[in-house]
1. Kindly list the number of the only condition in (1) out of contact with any Asp or Glu (no Cβ under 8 Å at 6 or more places or on another chain); (2) hydrophobic (A, V, I, L, M, F, W, C); (3) modelled with pLDDT under 80 that fails for Leu260.
2. In segment 174-211, how many are in contact (Cβ under 8 Å) with a residue 40 or more places away in the chain and touching a Lys or Arg at 6+ places or on another chain (Cβ under 8 Å)?
3. Which one of the conditions (1) part of a helix (DSSP H, G or I); (2) closer than 20 Å to Val288 by Cα does Ile204 fail to meet, given that it meets all the rest?
4. Would it be correct to say that Ile164 is in a helix (DSSP H, G or I), under 16 Å from the mean Cα position of the chain (by Cα) and either at pLDDT 95 or above or farther than 29 Å from Thr71 by Cα (or both)?
5. Take the conditions of a type in the set (A, V, I, L, M), more than 14 Å from Trp169 (Cα to Cα) and not in a helix (DSSP H, G or I) and apply them to Val102. Does it pass?
Amino acid sequence: MSGLGVIFWKEFADFFGRRRFLILFIIICIISTSITYMASHSPASSFSKLPNDFLFLGLFTFSAGSIPSFTFFISFFGPLIGILLGFDAINSEHSRGTISMVLSQPVARDSLINGKFLAGLATIAIALTSIILIILGLGLYTLGIVPNLGEIARIGVFFAASIIYIGFWLSLGVLFSILFRRAAGSALASIMIWLFFAFFIYMIASAIADQLAPVSRVTTVEALTKNESIKNTIMHISPAVLFEEIAIAILNPSVRVFGLISSSQISSLIPTPLSLDQSLLVVWPQFVSLFSLMLICFAISYVVFMKQEIRST
């Protein structure tokens, strides 16, 4: 991979110099810190769903009325960061006529796409680290509570899941930047996919589930369970749903299961908080699925780019 380091550092510097990225990053920082500030000044009852040893995690999951949680903002705005970093990764080189010039240097073709993708992941990691550190500092100042090792470990896992989640959208943006010659086309295609997974997947899943397993006022428990199972299966093709479940299970140790459960299952659940490894077991399929989606999307981008004909301009 000749030239990988050169491409990485060049793209890394370019990402932080882009005005659109800085504006979106500042907006997310302001909103996130505002939510954290309101959470830290909320009544103690707002954190009643969390075990006493994990109250600090409430800063990430707190929501009240029209105020969404920090995890919701990562789920909603995170894809926009990934798309902004990736939608013009390759086609911008074509439009400027610099791609043939770059590849004429001692730079391998795979180093170009690998360097851009890794630089994007590093940028995402630094941006998320900054936001989380701001939240931790604000929480320490306002709450006066020092997070324990268990909370720090859970925040670290949430951080890794966030990188993978936004990394999927980065790889999707890179893929469309290869398939579309114009940045406007790749941006539009990426945003359409984001809108589909963020909004329309819920309506489509409900419609299909209602057709395959109709639910009425006199429906049975079996029919209701089948309807919910079909709906959940369809929704799990969405990276947003996978990430939301990971965030919920990791940041709330009381969560043991998703979806409908029977009263007998509820009575058999142990009321004590789960350890981190047990919480990971709850959402391990979601973790693997989300990571696989990112790798598959980037692998497709890699193969298409390596086979793409590049003409000098």
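1. (1)
2. So the count comes out to 1.
3. The number of the failed condition is (2).
4. Taking the combined requirement at face value, the residue satisfies it.
5. no
The values are calculated or read from the model by the stated rules, or taken from the named source; none is laboratory data. Everything quoted here is computed from the prediction, not taken from an experiment. Every residue, glycine among them, receives a Cβ derived from its backbone with ideal geometry; neighbour counts consider all protein chains shown.
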